[in-house]
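Student: Attaching a single structure in structure tokens format; questions to follow.
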Amino acid sequence: MSNPDSLPDVTPPKSKPDPEHPKPFNIDDIDEEEEEEEEDDDDENDVEYDEEDAKGEVFGEPNRPKPQSREAQFRSEKLKMDSLLQRMQSGPVSVRVHDVIIKGNTKTKDHVIEAETEVLNSVGSMQELLKASQIVNLRLQALEIFDSVKITLDSGPPELPGTANVIIEVVETASPLSGQIGAYTKAEARSSTVEGSLKYKNFFGYGDLWDGSLAYGYDHSAELSAGVFLPRFKGLVTPVTARAYLLSQDWLKFSSYKERSMGLSLGLFSTPYHDLAYNLAWRTLTDPSQMSSRSIRRQLGHNLLSSLKYTFKFDRRNSTMRPTRGYAFVSTTQIGGLAPDSRSLRFLRQEFDLRYIVPLGFYHAALNFGVSGGAVFPWGNGFSSRPSSLPERFFLGGNISPVCALGGPTALWGFKTRGLGPTEPKRQVNNENADPSGVDFLGGDLAVTALADLSFDLPFRWFREKGIHAHVFACAGNVAKLTENEYRNISVQKFVESLRSSVGVGLVVPTSLFRMELNYCYILKKLDHDRAKTGVWLTFSAAA
């Protein structure tokens, strides 16, 4: 009789794995190893089992096998897993997926879930299957229509060795209606907004997300919109979004006009790096003050926006609120005038933004460098002598942080909203209360900005625990006019000589909704009509 305190060594001898001919996965192989592992223990307990069976033996009936206890079942499963792990460590374990079984979806269509599991069809080993299962789990949770997702791997049919079944169990959300409020940056918008929204999930069972929202932007904009998101539509491989909106923007204080837009935005193609959207809007520019400059008055009235917008973006920064390492790049190309209408705006718009962060290795310090630029130009007959569309021009300045404003040239520390660039005197009226020195900021067709930001922790534990840190910064930028033959009067030297710049130091308070900065800005250079000041500034910025 064997020693009851010892177990036979069933570890297979180590051999060099053959990656070209991996051993196929079969649950029966593990069962055989388990049986060998338990053989000695079974021999020791034979007498005891015989005595117990004899007590319960019924004449004329065959002896029935005694069911395993929970401890024996647990030990059996543990031995199977240990054996499988040993084989996976020694080399690839060949396996392919025989079937994907979906359970728990009472409302969600099967094809919606199956579309997220396509990666399982290409696995060739157990290692690849585990990684693919994790990806599928994350994709299903990202649909926001399930409270939980559980994936179980099981052996395939006995007649098909080397196969596995994937069992996906989902629990659909118990509360399809939800509401939230926060700060966001949308692809359809140009700036950050504070938004309140209501969302209804999976109304038709296609993973569809319906929402209505009311938003107020930091650029004095207000928007009422409703939209739908479909993860899979008519067999398309990317999500489809549609959004109808009413947008109002008040620029009377800066450029003597108000903008009203009613339109539709369609997201045609979207991946982690690429985004293609179509925008159709009826837009109206008005001047209730009747004091706008000549250039603004020429742009007033109705026009049609029909444009296609392509965005390429990759972001390898470790944080959008306080990046301390990584890099990011965004390029946006927009073409307008896709409708056969004389009031359709015809323009080409290109902008880019590049960021690179260098960690310094002390006090969580990092240097954030950035450069961005953009240009807009009309197209069609006589394009060189025509002005560009006013809302499509570039305006610099505003109450946002350049660190968070990833997407194009927008902000400069110390300069107010639409606080620099080409200007034109407002209309003179016989009114004693009128400001004779008032000007309209016209924006520009060419814009360039650059920034350098050094962030670091403060030597106080409480500040570090809350994420509050300090930063020292510098920025520069300029905007110029190219249309109406003005490109003939501009040169690189003139453009560089008219660059505006500022430096400063401040305290940064990051939150889950926005980044708040309390800065002291010193204006190094500005022109006569620029709206900038040296002093204390408080800015709020959402993550780009």
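The values are calculated or read from the model by the stated rules, or taken from the named source; none is laboratory data. Given the structure is predicted, the values throughout are model-derived calculations rather than measurements. In this analysis, Cβ positions are derived from the backbone assuming ideal geometry, glycine residues included, and neighbour counts consider all displayed protein chains. Note: areas computed on protein heavy atoms with side chains; ligands, DNA, RNA excluded. Shrake-Rupley method; radii C 1.70, N 1.55, O 1.52, S 1.80 Å.
This table checks each residue for (1) hydrophobic (A, V, I, L, M, F, W, C); (2) touching a Gly at 6+ places or on another chain (Cβ under 9 Å).
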{"residue": "Q134", "(1), (2)": "no, no"}
{"residue": "D147", "(1), (2)": "no, no"}
{"residue": "L160", "(1), (2)": "yes, no"}
{"residue": "V170", "(1), (2)": "yes, yes"}
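Student: Condition test on G301, is it within 26 Å of the chain's Cα centre (by Cα) and in the same structural domain as A226 (by the TED database)? Full working, then the answer.
Tutor: Values: within 26 Å of the chain's Cα centre (by Cα): no; in the same structural domain as A226 (by the TED database): yes.
Criteria not met by G301.
Student: May I pose another question? Can you confirm whether Y487 is open to solvent by 50 Å² or more (accessible area, probe 1.4 Å) and in a helix (DSSP H, G or I)?
Tutor: Working: open to solvent by 50 Å² or more (accessible area, probe 1.4 Å): yes; in a helix (DSSP H, G or I): yes.
Yes, satisfied.
Student: Quick one: which of G373, G326, G398 is within 23 Å of the chain's Cα centre (by Cα), of a type outside the set (K, R) and under 30 Å from S256 (Cβ atoms)?
Tutor: Details: G326 fails: under 30 Å from S256 (Cβ atoms); G398 fails: within 23 Å of the chain's Cα centre (by Cα).
Answer to the check: G373.
Student: Give L138, L130 a once-over and let me know the one that is part of a helix (DSSP H, G or I), farther than 30 Å from D211 by Cα and open to solvent by 80 Å² or more (accessible area, probe 1.4 Å).
Tutor: Numbers: L138 fails: farther than 30 Å from D211 by Cα.
It is L130.
Student: Right, something else. Can you tell me which residue in the range 90-103 is nearest to T163 (Cα to Cα), limited to those that are touching a helix residue (DSSP H, G or I) at 6+ places or on another chain (Cβ under 7 Å) and part of a loop (DSSP other than H, G, I, E, B)?
Tutor: Of the residues in the range 90-103, the ones touching a helix residue (DSSP H, G or I) at 6+ places or on another chain (Cβ under 7 Å) are 92-93, 95, 97, 100, 102.
Filter once more, so that each one left must be part of a loop (DSSP other than H, G, I, E, B): 92-93, 95.
Working: P92: 14, V93: 11, V95: 5 Å.
Here the residue is V95.
Student: Go through the residues of the range 104-122 one by one and say whether even a single one is charged (D, E, K, R), closer than 29 Å to W210 by Cα and in contact with a helix residue (DSSP H, G or I) (Cβ under 6 Å, 6 or more places away or on another chain).
Tutor: Taking the range 104-122 first, the residues charged (D, E, K, R) are 107, 109-110, 114, 116, 118.
Now drop any that are not closer than 29 Å to W210 by Cα, which leaves 107, 109-110, 114, 116, 118.
This time we only want the ones that are in contact with a helix residue (DSSP H, G or I) (Cβ under 6 Å, 6 or more places away or on another chain), so: 116.
Among the residues of the range 104-122, at least one is charged (D, E, K, R), closer than 29 Å to W210 by Cα and in contact with a helix residue (DSSP H, G or I) (Cβ under 6 Å, 6 or more places away or on another chain), which makes the answer yes.
Student: Restricting to the range 292-309, give me the number of residues that are open to solvent by 30 Å² or more (accessible area, probe 1.4 Å), assigned to a loop (DSSP other than H, G, I, E, B) and touching a Leu at 6+ places or on another chain (Cβ under 8 Å).
Tutor: Qualifying residue count, the range 292-309: 2.
Student: Any residue at all in the range 262-275 that's under 28 Å from K481 (Cα atoms) and surrounded by 15 or more Cβ atoms within 10 Å (Cβ to Cβ)? If you could, list the steps in order and put the result at the bottom.
Tutor: Within the range 262-275, the subset under 28 Å from K481 (Cα atoms) is none.
No: zero hits.
Student: Still on this structure, I have one more. Can A215 be described as assigned by the TED database to the domain that holds L348 and crowded, with 19+ Cβ neighbours inside 10 Å?
Tutor: On the way: assigned by the TED database to the domain that holds L348: yes; crowded, with 19+ Cβ neighbours inside 10 Å: yes.
Yes; evaluated as a whole, the condition is true for this residue.
Student: Let me ask something else about it. Confirm whether A164 is surrounded by 15 or more Cβ atoms within 10 Å (Cβ to Cβ), small (G, A, S) and part of a strand (DSSP E or B).
Tutor: Details: surrounded by 15 or more Cβ atoms within 10 Å (Cβ to Cβ): yes; small (G, A, S): yes; part of a strand (DSSP E or B): yes.
So A164 fits the description; yes.
Student: What are the pairs, 6+ residues apart or on separate chains, where a residue within the range 450-473 that is under 20 Å from P402 (Cβ atoms) and not assigned by the TED database to the domain that holds H364 has its Cβ under 7 Å from a residue that is modelled with pLDDT under 95 and small (G, A, S)?
Tutor: Qualifying pairs under 7 Å: none.
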